[in-house]
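*Asks:* This structure is in structure tokens; I'll ask about it shortly.
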Amino acid sequence: MTFRRSILPILTVVVALVVIWYGAAIKMNSTWTFDQAARAGTSPSLSEVIGDTMQQSRPLLPVPHQVVSELWKTTVEKKITSKRSLVYQGFITLKTTLWGFALGIVIGVGLAAIIVLSRIGRLSLMPWAIISQTIPIVALAPIIVILSNAAGAGTLLVPKAIIAAYLSFFPVMVSMVKGLSSPDHMQLDLLRTYGAGPRAVFWKLRVPASMPYFFASLKVSVAAAFVGAVVGELSTSAIAGLGARMLIGSQFGEPMIMWAALFAAAILAGLLIVTIGGLEQILRRAMGGRPV
Amino acid sequence: MKKPVIDVSGVDLTFPTNDGAVQALKNVDLQINKGDFVSFIGPSGCGKTTLLRCIAGLETPTDGQLTVNGLTPTEARKARSYGYVFQAAGLYPWRTIGGNVKLPLEIMRFSKEEQAKRVRKVLELVDLEGFEKKYPWQLSGGMQQRASIARALAFDADILLMDEPFGALDEIVRDHLNEQVLKLWARTEKTIAFVTHSIPEAVYLSTKIVVMSPRPGRITDIIESPLPKERPLEIRDSPEFIEIAHRVRDGLRAGHEG
Amino acid sequence: MKKPVIDVSGVDLTFPTNDGAVQALKNVDLQINKGDFVSFIGPSGCGKTTLLRCIAGLETPTDGQLTVNGLTPTEARKARSYGYVFQAAGLYPWRTIGGNVKLPLEIMRFSKEEQAKRVRKVLELVDLEGFEKKYPWQLSGGMQQRASIARALAFDADILLMDEPFGALDEIVRDHLNEQVLKLWARTEKTIAFVTHSIPEAVYLSTKIVVMSPRPGRITDIIESPLPKERPLEIRDSPEFIEIAHRVRDGLRAGHEG
Amino acid sequence: MRQKDTQFERIAYPVGFGLLVLVLWEIGVHLFNVSPALLPAPSAIGAAIASSAAILWGDWVQTVLKGALNGIWMGSLAGIALALVVDRFVFLKRGLMPVANFFAALPIVGLAPIMVMWFGFDWHSKAAVVAIMVFFPMLVNTLAGLSAADTMQRDLMRTYAAGHVATLMKLRIPAALPFVFTGLKISTTLALIGAIVAEYFGSPIRGMGFRITTEMGRLATDMVWAEIFISALTGTALYGLVALIEKRVTFWHPSHRG
Amino acid sequence: ADDVTLQLKWVTQAQFAGYYVALEKGLYEEADLNVTIKPGGPDVAPVQVLLGGGADVMVDWMPSALAARENGAPVVNIAQPFKSSGMMLTCLKESGVTSPEDFAGSTLGVWFYGNEYPFLSWMGKLGIATDGSEGGVNVLKQGFNVDPLLQKQAACISTMTYNEYWQVIDAGISEDELVTFKYEDQGVATLEDGLYVLEDSLEDAEFKDKMARFVKASMDGWTWAAENPEEAAEIVLEYDETGAQTEKHQIRMMGEVAKLIEGSTGALEMADYDRTVESLLSGGSDPVITKTPEGAYTMEITDMAFN
Ligand SMILES: Nc1ncnc2c1ncn2[C@@H]1O[C@H](COP(=O)(O)OP(=O)(O)OP(=O)(O)O)[C@@H](O)[C@H]1O
Ligand SMILES: Nc1ncnc2c1ncn2[C@@H]1O[C@H](COP(=O)(O)OP(=O)(O)OP(=O)(O)O)[C@@H](O)[C@H]1O
Ligand SMILES: Cc1ncc(C[n+]2csc(CCO)c2C)c(N)n1
Ligand SMILES: [Mg+2]
Ligand SMILES: [Mg+2]
């Protein structure tokens, strides 16, 4: 049952993607093979070309088994306390992400609450929250680093987490503004007949009504926090973690390191999102969600 | 003379819409005294709900005066004077039936035991024992409506505003609940404003029947009931009863034609 | 013998809930012939809505047989055999009243002129001329319900399933709509299944009255009406009428006590 | 009653707040003698904007008009399209969604060099980065939106035997729009960040990201902030545009009726 | 011990081996210094870090330091471990570029973020426009890798003798398929990795003393690193937090970097300085710096350190 319902579809999709991927890799990488052959003055056969496209050290698109073998080498075959282990590097990024994410949720929900509850907040905060997101984070990152250094918060985790939070609070805020104002007239009026204060309206009505919006935003937001954490790894002098590995891999002509880090990042972020999805399911059930 | 609990004078209300303004209430005058049981009856769309909402401070009249216990409706609302049963059940989908009924009690900070006690009591009153843990979508329409009545009764407000509370109930349950409401009313001296579409129900329950007519909504007749406070179900066969019912029906019909 | 349009035999339905299973229907047997007008009456929560939903193919019985025109309910639904009026209005908030009524016509690809014509006609039928351009939240509860009736009538389905369509309407409008429905039925030979809480309404409208009782929901009585097809409003004072009404009331009461 | 914000207030408050920030900033910079290499005064930024308008315009065209906007529409369309496809075929939903999660956070830092390698230095690679960034928020929000229609609204469609497309067009897409717009709002802001950061990893010698790094390298922070200012202005305008359209299109949502 | 924070120009690599060696081998400790080395990155501007108080001393190239100075960031060169420039332009032979005369009309990859000045003044000297106008070169801001050359998106890209050049070779393009233009050979070499501090801080005698010890220890580190390239590379790898650097690459880089520090005492050579300034001033219509810098260097620290 679970096989038919969940494993089979995923397997099918994964297999399809892998097939497409091999095809694309062969096609894209063959340019280089032909270039090299031309430089050497040879003309390779089709099987030689295909063979070559699967084992280039600097492919346009590495084939899946190259990535998997690199992932294997840097996770399973390395002690997780080693700097060369992707698990170790992933943990650095994960830590930053989670701190930034937590901070982002607090800030996002807090701002959304102020915006929904107060007129002044709505009128003056919302536009500036939007503006904040349109300031390229990379331009702001050095300032964040300097300020947190000046504030004595160090240069390692804190500025990176702030950068992650800076990106991740916004999706939460936008969705929560929508979600907290989603109760309809009758639902609001009911509480008004109880003479309920804004606090009760907020906790008893707005918050539960906003949950679908909240969870939709968490998935986007954790991804944003992740991106922020990775950007932070390049913008601060704390070059470590998956993002830093991608940069170094790219710069030092080790694209496989970059690809492996990229996939590790995708897997990590994917797991975070799946976790959130699981939490959502649990909460939905606890809130009497109707099965669809 | 008693001072009226609810004093409506010259109230107008106009809704602006995409499609021109709609006058929902026009020059409504009405006094409701403490302990009155007032029914509102009138064709659909004549402004009954709107008038009830004005009394509850949920809608602000465009013109005229409206006081409740000498306060503005909004102040009275803040003082938690109202129990309101909406025309649609409007239960919160994320709360169980018990949780929905408990909602006002939580807001008004009743103690935990008191909450549990009251929830049990009012659910019994509306015949929903055993459904406490169900979610609204697991209940039938009529059961949802009863739950919403229970919710409004749970916290013992002085003024009950009920907007077609028994619309989705069958005659037998309806009779039963009519009796319960009358008992409650006789016992507690609550002031009740009650919207209904059933002429017998209006006559059976009320001390005062307000007949309204539409476009724009206004009061066309106010009938003081001579029936005694003590009302067995059989009273519905008495000549006084039938006479009042006739008068109401005539008023209604006039409204429909007018 | 006529073959029944709707043939229900031995239908059971159990809902699983967080709180144990609820048996909503138990061993329901029922034949509805072409042109029948069947009313369902019973205490709130007895399974009327559930039964109607089973007939419409919106719910699948846990056990038993159910055919509509010899098809499964789902097939019949796909063949657009039903007009369904839900217990709550359920209008789409992003469409005007006119747009809501037009919805089934668009889906069934009626021509533009035909759409406009039908919308006008059914809105008139339910007395909502002039509200075509309003949005649902700008209408009173009763008006919304009438709009939803208009929506179900607009496309002329062979089988009309109506779940307390007149619950939120006053007596006069109700009488008017009752007459309209009867006329429509007499004219078109539609098969109508109709849930109501009003005993007089059930008796006045139906050729067959199904009395149900709750926990678990089952049919306790099926009353064939001897009333003629032609039914002026005054028929409600005839002795036959009163007798049937009595039988229904007794059946209902028994259900309540049982 | 909630006070409605007037157009004037909606502009005056943020602008007032913004002016306040600018004035404090200007005073602060002079008061504390902040090095212009760290933070230029607003007046210096203004001067840079005025004197380099042509450069700023060229950068804007490159980054916003070519990079970001192309990325937004491609990514949004792809996200919405996949949501629709996945929603149609349960098999794909079960298979693709868990996999799609893994594409959620492909960091720009890793992506941008690859896109530059694949699509070259000009705006194409930037648009690709933006499209990938925008894709996931749109997908997630659209999917959440597509399941936002409630059970009764869906059942209505089922009684019409509406096909998948009709149900989508008439019910689920309208019901999904509030979510889609939320996704769009997030996307427009993400897009600018994406387009600018992607230029760090290779670009022609124009574009906002190019300018920011280059001018930062020579400590011409006034020019850096001039670009930041333009970026903020653009992002806000884009967001405002989306919000405006949203208000028009989803006027019926409670958050706009309020 | 006195705290010193050093901000590097780029990520941890053998280009900065001397400092890491000094740290690892306890040379700083012997000089009673407690040194922290901060790697740089694509979004880290060392001058800004210095101004913001995040570091005491930085490694930077002289062109960008002088440009920053002209833009109001008073940085001063206190020592110059790198004697020669490692910069070059590497072209694919098949692109048809064989001499500077062929540049016009072709696409050249350039590093920006303060690293573009040597290129710009070279082009200025050649009289080739870099703003995309007719008859000039088409300039690309190249990223952090050599892909543009491999993908033939550019005819030539900027490379360092100690780094990117070898990546092109490693990628499978042999030396005879490449044409290289070393800035040294073209006579347009500018000074690279020097140590810079803020002018204000030099007013403090204690700071100067600290820097003197720092420069001395650093130069000792460099000497050691040049003599023991393999161990030096190992030390660098130790300090690379990403764990992505490879031994092969760092050892080779160390070998090449050793050639660049050859002949440097650590003190700035006036001839080199003058040549750099002259080159930056003469950048055609749009020179990197507009007037001869004053006070952009001091010999005081190296004098204290080595005498
Ligand atoms: N989705 C559901 N999940 C669980 N239980 C349900 C569900 N729908 C209905 N029920 C239960 O089934 C029983 C019958 O419900 P139904 O809606 O058919 O009643 P009804 O006769 O229409 O009542 P009413 O007149 O109040 O509308 C009720 O006890 C109800 O609680
Ligand atoms: N929010 C609104 N915006 C615009 N018009 C409204 C609004 N609410 C009510 N109306 C209009 O006001 C009039 C009175 O509505 P109201 O809900 O008070 O009627 P009602 O007497 O309660 O009817 P029913 O018995 O059908 O519930 C109707 O014509 C309705 O269309
Ligand atoms: C923004 C920026 N772009 C490219 C490089 C490339 N780079 C790698 S090592 C090196 C030599 C000097 O450290 C150079 C120039 C950089 N550092 N900063
Ligand atoms: Mg009403
Ligand atoms: Mg029902």
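The values are calculated or read from the model by the stated rules, or taken from the named source; none is laboratory data. Remember, predicted model here, so these are calculated numbers, not experimental data. Positions of Cβ are generated from backbone atoms using ideal geometry, with glycine treated the same way; all protein chains shown enter the neighbour counts. The accessibility values were calculated without ligands, DNA or RNA, using every heavy atom of the protein model including side chains. Shrake-Rupley method; radii C 1.70, N 1.55, O 1.52, S 1.80 Å.
*Asks:* Between D and A, buried accessible area summed over both sides at probe 1.4 Å, in Å² to the nearest 100? Mind dumping the intermediate values first?
*Replies:* Values: alone 15000 and 17180 Å², together 26200 Å².
In total, this chain pair buries about 6000 Å².
*Asks:* How long, wide and thick is segment B:147-258, going by the Cα atoms along their three principal axes, in whole angstroms, largest first?
*Replies:* Between the extreme Cα coordinates on each principal axis of segment B:147-258 lie 40, 33, 26 Å.
*Asks:* So, counting K/R as plus one and D/E as minus one, what does the shell of residues with Cβ under 9 Å around A:Ser57 add up to?
*Replies:* Details: positive: A:Arg58; negative: A:Glu254, E:Asp170.
Taking every Cβ under 9 Å from that of A:Ser57, the sum is -1.
*Asks:* What is the angle, in °, between the Cα long axis of helix E:247-261 and the longest principal axis of the Cα atoms in chain E? Nearest 10 is fine, range 0 to 90.
*Replies:* 80
*Asks:* Magnitude of the Cβ-charge dipole of segment B:91-156, K/R +1 and D/E -1, about the Cα centre, nearest 20 debye?
*Replies:* Details: 12 positive and 8 negative charges, 31 e Å.
It comes to approximately 160 debye.
*Asks:* To continue, here is another question. Run the simple label-point estimate for B:Arg253 and E:Glu177 please: 7 Å along Cα→C-beta, distance reported in nm.
*Replies:* The answer from the label model is 10.3 nm.
*Asks:* For a protection proxy built on the mean count of beta-carbon atoms within 10 angstrom, sort E:55-63, B:237-245 highest first, please. Let's see the in-between values first.
*Replies:* Details: E:55-63: 26.0, B:237-245: 13.9.
The packing order, highest mean first, is E:55-63, B:237-245.
*Asks:* Any chance you could look up the accessible area of C:His246 with a 1.4 Å probe, heavy atoms only, rounded to 10 Å²?
*Replies:* For C:His246, solvent-accessible area is about 100 Å².
*Asks:* Could you state how much accessible area is buried at the D-E interface, both sides summed, with a 1.4 Å probe, in Å² to the nearest 100? Walk me through the numbers on the way to the answer.
*Replies:* On the way: alone 15000 and 13090 Å², together 25930 Å².
That pair of chains buries around 2200 Å² in total.
*Asks:* What are the residues of segment B:63-88 that lose 50 Å² or more of accessible area, with a 1.4 Å probe, going from their chain alone to all protein chains?
*Replies:* B:Arg77, B:Phe86
*Asks:* Please average, across the residues of C:168-179, the number of beta carbons from any other chain that are within 10 Å of each residue's own beta carbon, and give a whole number.
*Replies:* On the way: counts 8, 5, 14, 10, 11, 6, 3, 1, 1, 0, 0, 0.
Mean number of neighbouring Cβ atoms from other chains: 5.
*Asks:* With an 8 Å Cα cut-off and a minimum separation of 6 or more residues, compute the relative contact order for chain D in percent.
*Replies:* Once divided by the residue count of chain D, the mean separation gives 25 percent.
*Asks:* Moving on to the next point. So what's chain E giving for Cα Rg divided by 2.2 N^0.38 Å, two decimals?
*Replies:* On the way: Rg = 19.1 Å, N = 307, 2.2 N^0.38 = 19.4 Å.
The reported ratio for this selection is 0.98.
*Asks:* Cα to Cα, under 14 Å, and not fewer than 8 places away if on the same chain: which aspartates and glutamates meet these conditions relative to B:Lys3?
*Replies:* Straight-line reach from B:Lys3, under 14 Å: B:Asp36.
*Asks:* Could you name the lysines in cross-link range of D:Lys185, using Cα to Cα under 17 Å and dropping any fewer than eight places away on the same chain?
*Replies:* Qualifying lysines at Cα under 17 Å: A:Lys178, A:Lys219, D:Lys247.
*Asks:* Taking the Cα atoms of chain B, what is the range of coordinates along each of the three principal axes, in descending order and whole Å?
*Replies:* Extents along the principal axes, in whole Å: 50, 45, 40.
*Asks:* So what is the orientation-averaged projected area of segment A:86-286, using the convex hull of its C-alpha atoms, in nm²? Present the calculation step by step, with values, prior to reporting the outcome.
*Replies:* Values: hull surface 51.3 nm².
Spelled out: convex hull of the Cα atoms, projected over all directions, averaged, 12.8 nm².
*Asks:* Let me ask you something else. Give the distance, in whole Å, between the Cα centre of segment E:192-208 and the Cα centre of segment B:52-118.
*Replies:* A separation of 72 Å, based on Cα centres.
*Asks:* In Å², and per residue, what accessible area does segment A:231-292 have when probed at 1.4 Å with the other protein chains present?
*Replies:* I get 32 Å² per residue for this part.
*Asks:* Still on this structure: Spin-label point model (7 Å from Cα, Cβ direction): what's the A:Thr81 to B:Ala79 distance in nm?
*Replies:* It is 7.3 nm.
*Asks:* Once you have a ≥ b ≥ c as the square roots of the Cα gyration tensor eigenvalues for chain D, tell me rounded if a/c is under 1.5, and otherwise prolate or oblate according to whether a/b is larger than b/c. Write down the numbers at each step before the final one.
*Replies:* Numbers: a/c = 3.08, a/b = 1.55, b/c = 1.99.
Verdict is oblate for chain D.
*Asks:* Roughly how much accessible area, to the nearest 100 Å², goes out of reach of solvent when A and B pair up, both sides summed, probe 1.4 Å?
*Replies:* Numbers: alone 17180 and 12700 Å², together 27730 Å².
It comes to approximately 2100 Å² buried between A and B.
*Asks:* As a test question: what accessible area, to the nearest 10 Å², does E:Asp209 have when a 1.4 Å probe is rolled over all protein chains in place?
*Replies:* Rounded to the nearest 10, that gives 70 Å².
*Asks:* Which of the cysteines found in the protein assembly as shown have nothing to pair with, since no other Cys Cβ lies under 4.7 Å from theirs?
*Replies:* Taking the Cβ cut-off of 4.7 Å, the unpaired cysteines of the protein assembly as shown are B:Cys46, B:Cys54, C:Cys46, C:Cys54.
*Asks:* Taking each label point as 7 Å beyond Cα in the direction of the beta carbon, state the distances from C:Glu179 to the same residue in the other copies, shortest first, in nm.
*Replies:* So the label point of C:Glu179 gives 3.6 nm to the other copies.
*Asks:* Continuing with the same structure: What is the local net charge at A:Leu86, summed over the other residues whose Cβ is closer than 11 Å to its Cβ (Lys, Arg +1; Asp, Glu -1)? Don't skip to the end; give the middle numbers.
*Replies:* Numbers: positive: A:Lys73, A:Lys78, A:Lys83, A:Arg84, A:Arg245; negative: A:Glu70, A:Glu77.
Neighbour charge sum, excluding A:Leu86 itself: +3.
*Asks:* Mind running the shape call on segment E:175-263? Use the C-alpha gyration tensor, a ≥ b ≥ c as the square roots of the eigenvalues: rounded below 1.5 for a/c, prolate if a/b tops b/c, oblate otherwise. Could the numbers behind the result be given before it?
*Replies:* Numbers: a/c = 2.33, a/b = 1.38, b/c = 1.68.
Verdict is oblate for segment E:175-263.
*Asks:* Okay, moving on. Out of all Cα-Cα pairs in the protein assembly as shown, roughly what percent, to the nearest whole number, are more than 46 Å apart?
*Replies:* Values: 469455 of 941878 pairs.
The answer is 50 percent, as a whole percent.
*Asks:* Same structure again: Any aspartates and glutamates with Cα under 12 Å of the B:Lys34 Cα? List them, leaving off those in the same chain fewer than 8 positions away.
*Replies:* Partners within reach: B:Asp7, B:Asp158, B:Glu189.
*Asks:* Shifting gears a bit: Do any residues of segment A:115-142 lose at least 50 Å² of accessible area when the full set of protein chains is present rather than just their chain alone, and if so which, with a 1.4 Å probe?
*Replies:* Residues losing area: A:Arg119, A:Arg122, A:Leu123, A:Trp128, A:Ile130, A:Thr134, A:Pro136, A:Val138, A:Ala139, A:Pro142.
*Asks:* Let me ask you something else. For segment B:91-156, take the alpha-carbon Rg, divide it by the Kirkwood Rh, and send me Rg/Rh. Can you show the working numbers first?
*Replies:* On the way: Rg = 10.5 Å, Rh = 11.3 Å.
The Rg/Rh ratio comes out at 0.93.
*Asks:* Could you give the length gained by full extension between E:Ser99 and E:Leu126, i.e. 0.36 nm per residue of separation minus their alpha carbon distance, to one decimal place? Display every interim value, and only then the final one.
*Replies:* On the way: separation 27, 0.36 × 27 = 9.72 nm, distance 1.16 nm.
Once the chain is fully extended between E:Ser99 and E:Leu126, it gains 8.6 nm.
*Asks:* Only Cα pairs within less than 10 Å get springs; with that Gaussian network setup on chain A, which residue of A:Gln56, A:Gln66, A:Gln36 has the largest fluctuation?
*Replies:* A:Gln36
*Asks:* Which residues, if any, in segment E:114-148 have at least 20 Å² less accessible area in the whole protein complex than in the isolated chain, probe 1.4 Å?
*Replies:* E:Glu116, E:Tyr117, E:Val139, E:Leu140, E:Lys141, E:Gly143, E:Phe144, E:Asn145, E:Asp147
*Asks:* Related question: Listed here are the pairs A:Lys78/E:Lys9; A:Lys73/D:Lys93; A:Lys204/B:Lys112; B:Lys117/B:Lys183; E:Lys210/E:Lys291; which of them are more than 22 Å apart at the Cα? Each step should come with its number before you reach the end.
*Replies:* Working: A:Lys78/E:Lys9 30 Å; A:Lys73/D:Lys93 32 Å; A:Lys204/B:Lys112 16 Å; B:Lys117/B:Lys183 20 Å; E:Lys210/E:Lys291 31 Å.
Exceeds cut-off: A:Lys78/E:Lys9; A:Lys73/D:Lys93; E:Lys210/E:Lys291.
*Asks:* Classify segment E:92-186 from the C-alpha gyration tensor, please: rounded if a/c falls under 1.5, else prolate or oblate depending on whether a/b exceeds b/c.
*Replies:* Numbers: a/c = 1.56, a/b = 1.39, b/c = 1.12.
Note, shape of segment E:92-186 comes out prolate.
*Asks:* Give me the Å³ per residue figure for the convex hull around the C-alpha atoms of segment C:1-147. Display every interim value, and only then the final one.
*Replies:* Numbers: hull volume 23.3 nm³, N = 147.
Convex hull of Cα atoms, per residue: 158 Å³.
*Asks:* Let me ask something else about it. Can you give the helix-only mean residue ellipticity at 222 nm for chain B, where every DSSP H stretch with n ≥ 4 adds -39500 (n - 2.57) and the sum goes over all residues, rounded to the nearest 500 deg cm²/dmol? Can you show the working numbers first?
*Replies:* Values: 8 runs with 96 residues, N = 258.
The per-residue figure over chain B is -11500 deg cm²/dmol.
*Asks:* Per residue, how much accessible surface does segment B:91-156 expose to a 1.4 Å probe? Answer in Å², no decimals.
*Replies:* Values: 2600 Å² over 66 residues.
So segment B:91-156 comes to 39 Å² accessible per residue, rounded to a whole number.
*Asks:* Only Lys, Arg, Asp and Glu count, each charged at its Cβ (+1, +1, -1, -1), so figure out the dipole size of segment A:86-286 about its Cα centre, rounded to 20 debye.
*Replies:* 580
*Asks:* For labels at B:Thr62 and A:Arg199 in the simple 7 Å Cα→Cβ model, what's the distance in nm?
*Replies:* 3.9
*Asks:* Right, here's the next one. In whole Å, what three semi-axes, largest first, describe the equivalent ellipsoid of segment C:110-192 built from its Cα gyration tensor (square root of 5 times each eigenvalue)? Write out the running numbers ahead of the final one.
*Replies:* On the way: eigenvalues 73, 66, 23 Å².
Semi-axis lengths for segment C:110-192 are 19, 18, 11 Å.
*Asks:* In addition: Find out how many positive minus negative residues lie around C:Asp63, taking Lys and Arg as positive, Asp and Glu as negative, among other residues whose Cβ is under 11 Å from that of C:Asp63. Can you show the working numbers first?
*Replies:* On the way: positive: C:Lys26; negative: C:Asp12.
Combined, the nearby Lys, Arg, Asp and Glu give 0.
*Asks:* Same structure, new question: On average, how much accessible surface per residue is there in segment A:2-61, in Å², for a 1.4 Å probe, leaving out ligands, DNA and RNA? Don't skip to the answer; put the middle values down first.
*Replies:* Working: 3570 Å² over 60 residues.
Counting only protein heavy atoms, the per-residue value for segment A:2-61 is 59 Å².
*Asks:* Ignoring ligands, DNA and RNA, what percent of the accessible area of the protein assembly as shown is carbon or sulfur (1.4 Å)? Walk me through the numbers before you get to the answer.
*Replies:* Working: 30400 of 52250 Å².
Carbon plus sulfur share of accessible area: 58 percent.
*Asks:* Round to a whole angstrom and tell me the spacing of the C-alpha centers of segment B:133-181 and segment E:51-117.
*Replies:* 81
*Asks:* Provide the convex hull volume over Cα atoms per residue for segment E:26-130, in Å³.
*Replies:* On the way: hull volume 16.6 nm³, N = 105.
Given the Cα convex hull of segment E:26-130, per-residue volume reads 158 Å³.
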